[in-house]
Amino acid sequence: MNPDPVLGPVLPGLVYAPARPIVRDGRRELLYEIRRNPDGSQALPVFSTLERLVDAFGPAQPWAQVPLRAARAVMCAAGVTQLQLDPTIAEDAWRWSAAELARYQEELR
């Protein structure tokens, strides 16, 4: 994210979001993983690079690269008003394990 001297930070067009495919009503959809903030509000953490997402959530985290605009639209429709770009994730926050990811992938088949 490079700051523009007039406009401020330039937001990325594409972001990496913790998300996974699900099948709903026979259709495959993307389910974003909303996280709860310490104050109880909800937010979708998004990352400017895949490396930052993996650093925050670990290598087992399912993810999707999506347009920032699309992630915002889906979150607004779901009533989630916060997207957090490159947030620091608490050490005790829940993270996917390799075993959980393997089970989930098997369920999708």
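A few points about this structure:
- Residue match in segment 34-45 (condition: at positive phi and surrounded by 16 or more Cβ atoms within 10 Å (Cβ to Cβ)): no
- Checking segment 5-15 against the condition returns a match, with at least one residue being out of contact with any Ser or Thr (no Cβ under 7 Å at 6 or more places or on another chain), modelled with pLDDT under 95 and surrounded by 12 or more Cβ atoms within 10 Å (Cβ to Cβ).
- Test: residue in segment 79-92 that is in contact with a Ser or Thr (Cβ under 8 Å, 6 or more places away or on another chain), under 15 Å from P12 (Cα atoms) and among the hydrophobic types (A, V, I, L, M, F, W, C): yes
- Some residue of segment 26-43 being charged (D, E, K, R) and part of a loop (DSSP other than H, G, I, E, B): yes
- Scanning segment 56-75 for residues that are out of contact with any strand residue (DSSP E or B) (no Cβ under 7 Å at 6 or more places or on another chain), part of a helix (DSSP H, G or I) and open to solvent by 50 Å² or more (accessible area, probe 1.4 Å) turns up R69, A73.
- Looking only at segment 91-107, residues that are touching a residue at least 24 places away in the same chain (Cβ under 8 Å) and loosely packed, with under 15 Cβ neighbours inside 10 Å come to 4 in all.
- Only a single criterion out of (1) touching a Leu at 6+ places or on another chain (Cβ under 8 Å); (2) surrounded by 13 or more Cβ atoms within 10 Å (Cβ to Cβ) is not satisfied by L53, namely (1).
- Selected residue [of a type outside the set (F, W, Y), closer than 28 Å to E107 by Cα, out of contact with any helix residue (DSSP H, G or I) (no Cβ under 9 Å at 6 or more places or on another chain) and modelled with pLDDT under 90] from R35, R24: R24
- Taking segment 46-61 as the range and being of a type outside the set (A, V, I, L, M) and over 20 Å from V74 (Cβ atoms) as the test, the residues that pass are T49, E51, R52, D55, G58, P59.
The values are calculated or read from the model by the stated rules, or taken from the named source; none is laboratory data. Quantities reported herein were computed from a predicted structural model and do not represent experimental measurements. A quick note on method: Cβ atoms are made from the backbone with ideal geometry, for glycine too, and the neighbour counts reach across all protein chains shown. Just so you know, the surface numbers come from the protein's heavy atoms only, side chains and all, with ligands and any DNA or RNA stripped out. Shrake-Rupley method; radii C 1.70, N 1.55, O 1.52, S 1.80 Å.
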